[in-house]
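Chemist: The structure is given below, and queries will be raised subsequently.
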Amino acid sequence: MGLEGKGPVGEHTIRQVQVVPDEELPLMLLAQLTDQKLVAYYSELLSSDLQAQLSSCVSSIEFPVIDPILDILKSHNIRSDAGHYKTYLFPPQTAANPEVTCLSKQDPRIQTFGFDGFTEQVYAIERDSLIVSACVSVREDKSCGEAWVYTDPAYRRQGLAKKVASAWAYSLLRIGKVPFYSHKIDNVASASLAGALQLQPVFEELSITLCTS
C-alpha cells in the first residue's frame, strides 16, 4: 500500500498519505492470502457504521465473489467497481543474466522504448541496436519494488521477458529490497510469465473503487 501512497489509520482503515499519479484511495481492499485467510481494509472516508457492516459481510463471502459487499455499498447509494489482481514474490535464488544491460532512463534508447517515465535504472535486451524487451520498477521505495515488463510483439515467446525480469529482481535483492510482481487476474500473458519465473504467489486482491462513470 505504501507504494500506492496509502497508509493505515487503524488496524483496518486506510487513508491517502501522499499523491501518487493514477492511484486513488479505494473504498475497500480485500486480500486472500496463501493460507486462504481474508484481510480487509476500508477507506477512512467510509463511516464507522458502514465499515462495521462491510466487515461483518466479509466473514461470510466466498472470495472472490463479492456481490454481497457491492450490494451493501449500493444500499448506501455508493456505486462501485472492482479490480482483481494477483501478487507474487521473486525467489531468493533469482540471478542476473549476461544478456541484459542496465541503462539509465535518460538513455535515448530507453526514451524511444517508452520506459523513461519510471525509475532510474532499466534492465533491457537489445537486438540490432534497438531495445526489444525491458523491465523497470514501476514503483519503488526503500524496502521494495514492483516490476513492469514489456517485450516488443515481434520478439515475444523467446524468453526475453523472463531474462530482463530476473535481472531487475536480482538488482533489488542484492541491495536488500523485496522485488514483487502483480497483474490483473485475467492477464494470461502476465500469469504465464509469473509461472516461467517460478514466482511465489502471496495474495490475490480485490480493489473496490468508486464508480465515476
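Rule-based calculations on the coordinates, nothing more; no lab input. All of these numbers come straight from a predicted model, not from anything done at the bench. Neighbour counts are summed over all protein chains in view; Cβ atoms, including those assigned to glycine, are modelled from backbone coordinates with ideal geometry.
Chemist: Could you grab me the full set of residues in the range 90-114 that are within 30 Å of LEU33 (Cβ to Cβ) and surrounded by fewer than 17 Cβ atoms within 10 Å (Cβ to Cβ)?
Modeler: Of the residues in the range 90-114, the ones within 30 Å of LEU33 (Cβ to Cβ) are 90-95.
Hits for the range 90-114 are PRO91, PRO92, GLN93, ALA95.
Chemist: Do the conditions hold for TYR181, that is, is it of a type in the set (Phe, Trp, Tyr) and within 28 Å of LYS37 (Cα to Cα)?
Modeler: Taking the combined requirement at face value, the residue satisfies it.
Chemist: Out of (1) within 16 Å of ALA191 (Cα to Cα); (2) out of contact with any strand residue (DSSP E or B) (no Cβ under 7 Å at 6 or more places or on another chain); (3) not β-branched (Val, Ile, Thr), what's the single condition that is false for TRP148?
Modeler: Going through (1) within 16 Å of ALA191 (Cα to Cα); (2) out of contact with any strand residue (DSSP E or B) (no Cβ under 7 Å at 6 or more places or on another chain); (3) not β-branched (Val, Ile, Thr) one by one, TRP148 breaks only (2).
Chemist: Another question about this same structure. Quick check on the range 119-142: of everything there that is of a type in the set (Ser, Thr, Tyr) and free of Cβ contacts under 8 Å to residues at least 40 places away in the same chain, which residue is farthest from ALA96 (Cα to Cα)?
Modeler: The selected residue is SER129.
Chemist: At least 3 residues that are farther than 22 Å from GLY145 by Cα, in contact (Cβ under 8 Å) with a residue 40 or more places away in the chain and within 22 Å of the chain's Cα centre (by Cα) in each: list the strands (runs of 3 or more DSSP E) lying fully within the range 38-108 that qualify.
Modeler: 80-89
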